[in-house]
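Data first, discussion second: the structure below is written as structure tokens.
Nothing in this text is a laboratory measurement; each read-out follows from the coordinates by a stated rule. Remember, predicted model here, so these are calculated numbers, not experimental data. Here the Cβ is made from the backbone with ideal geometry for all residues, glycine too, and neighbour counts use every protein chain on show.
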Amino acid sequence: MLGRGPDARACFERTYDAAHLARNPTQTVTRILISVSRESLPGSVGLPPVAFLRVELARHGDARIRRAIAWCEHPFGGEKLNADGAVINLGQPGARCRVTGEDNMNAEEGHDGGSVDIRAAGGGLLARLSSPLRLRTGELVSVDKGREIRLGPSDRTFRLNAMPASACDDLRRAIREE
């Protein structure tokens with residue numbers, strides 16, 4: 001799903017219309033956007049790129065957009081995503097990406113903000129969000145350390161459509177600016 005190269009990116013999105021939400025009254029997520037990318041960490045000269053997932057949720061009854069970044073540590077089996085810059089294959093068998101805590105970069109310090117499990121599905125992406133999931137409202141970390149959002153069964157599993165990688169540019173920029 002991601003090509004070769006240290007800066008490979010993919011974008012997936014799903015917006016739910018009023019008819020869908022009327023048929024699923026317990027669903028609060030109205031839009032979900034996920035960016036998956038391979039990136040070199042600052043100061044990581046000579047180290048392989050790391051796979052990151054960025055997620056953005058819009059929810060019914062909440063005017064604020066909530067965002068998080070996750071570090072894709074290990075797939076459910078098979079190759080390691082951040083090992084050597086090889087093609088990241090999200091189709092077989094999938095990956096677990098961990099939301100990484102208050103400053104969204106502290107995965108190794110044991111901060112647990114939840115996880116997002118992903119795998120390829122019909123040209124798109126199937127994403128399963130854990131509950132609770134720590135999401136921020138776009139404020140600086142010093143202002144908003146994130147809030148655990150409890151997601152009901154209707155707000156945990158999503159089938160997203162593939163989008164041009166550029167469709168996630170605003171999400172990537174917003175998280176970088178936070």
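Details
- Spin-label pair Thr137/Arg173, simplified geometry with 7 Å Cα→Cβ offset, distance in nm: 2.3
- For a label point 7 Å along the Cα-to-beta-carbon line of Ala22, residues of the range 153-169 with backbone N under 16 Å: none
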